[in-house]
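Just below is one structure, and these are the notes that go with it.
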Amino acid sequence: MPNLTEPLSPTPAPGKGAGVQRLFSAIARRYDLANHLLSGGMDFLWRRRAAAIVRAESPQTILDVATGSGDLALVLQKTCPTAHITATDFCQPMLDEARRKGVQNIVLADALALPFPDAAFDVLTVAFGLRNMEDWSRALRELARVIRPGGLLLVLDFSVPPQPLRTLYRFYLHHILPRLASLLTGEKAAYDYLADSIETFPSGPSMNALIQSCGFTEAKCQPLTGGIVSLYTARRT
Ligand SMILES: C[S@@+](CC[C@H](N)C(=O)[O-])C[C@H]1O[C@@H](n2cnc3c(N)ncnc32)[C@H](O)[C@@H]1O
């Protein structure tokens, strides 16, 4: 088992990965504020829901991938106090925020090439992270590699809700959110990217099918807040 808290230099994936690293480096200091305001504080509820599912597993080891500024890892530290929780991301400025806020075991790493042995974790969580990755199937297969057989994968991410909310949500996503975010972070482009990434990310049955094609079974989707966010769980085969 490698030293889980030892930082390493990740090789950014060509193309999207390097751009995503730059984008999150630019907004790291303002990320939490923007998140809480733009979601109307609902992000707290989404993470708490995810943590309750994780706690029910009584895990000994948890990996939070794409931990960013560490909000989910912090909730997990509180709800699963006896578990060893590792938080990983490939963006150092986001991890600096996570460390400042009290996330304990932090590893700088690319989710497409995790520095952990096979089957090392009982539970793996990834909140608002998978969507940003270069290749979703490759990422899911790499996540599957480090979860023990029977272990739990939990993916939390945005989705486009069904009608009648869809039209209103799309208007907010493409017209209001980038403007508000630009005021908060000075980075409108980052939030134009957010809207586009949500539109192209699979959700519901398509995401369940994608997850199941990458080493998992029993994939289930729970829509939250009318379907603007979806919580997926699946078991490692
Ligand atoms: C929207 S933030 C989510 C942060 C946190 N999980 C949350 O719930 O607030 C997305 C994070 O994914 C990370 N990320 C994207 N692609 C990654 C990759 N290939 N490897 C590791 N981290 C990645 C980014 O650096 C960023 O911190």
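Structure values in brief
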quantity: Hits in segment 144-162 - residues which are charged (D, E, K, R), more than 16 Å from the chain's Cα centre (by Cα) and part of a strand (DSSP E or B); calculated: Arg148
quantity: Residue match in segment 126-143 (condition: free of Cβ contacts under 8 Å to residues at least 40 places away in the same chain, within 10 Å of the ligand (Cβ to nearest atom) and surrounded by fewer than 22 Cβ atoms within 10 Å (Cβ to Cβ)); calculated: yes
quantity: Condition check for Ala66: on the phi < 0 side of the Ramachandran plot and of a type in the set (Gly, Ala, Ser); calculated: no
quantity: Residue match in segment 134-142 (condition: hydroxyl-bearing (Ser, Thr, Tyr) and more than 23 Å from Val75 (Cα to Cα)); calculated: yes
quantity: Where Val107 falls short, out of the listed (1) touching a residue at least 40 places away in the same chain (Cβ under 8 Å); (2) touching a Leu at 6+ places or on another chain (Cβ under 8 Å); (3) more than 13 Å from the ligand (Cβ to nearest atom); calculated: (3)
quantity: Segments classed as helices (runs of 4 or more DSSP H), wholly inside segment 1-116, with at least 1 members that are at pLDDT below 90 and buried (at least 18 other Cβ atoms within 10 Å of the Cβ); calculated: 16-27, 31-38
quantity: Some residue of segment 163-185 being within 20 Å of the chain's Cα centre (by Cα), farther than 18 Å from Cys221 by Cα and outside any helix (DSSP H, G or I); calculated: no
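The values are calculated or read from the model by the stated rules, or taken from the named source; none is laboratory data. Quick caveat, the model's predicted, so the values are computed rather than measured. Reconstructed Cβ throughout: ideal geometry from the backbone, glycine too, with neighbour counts over all protein chains shown.
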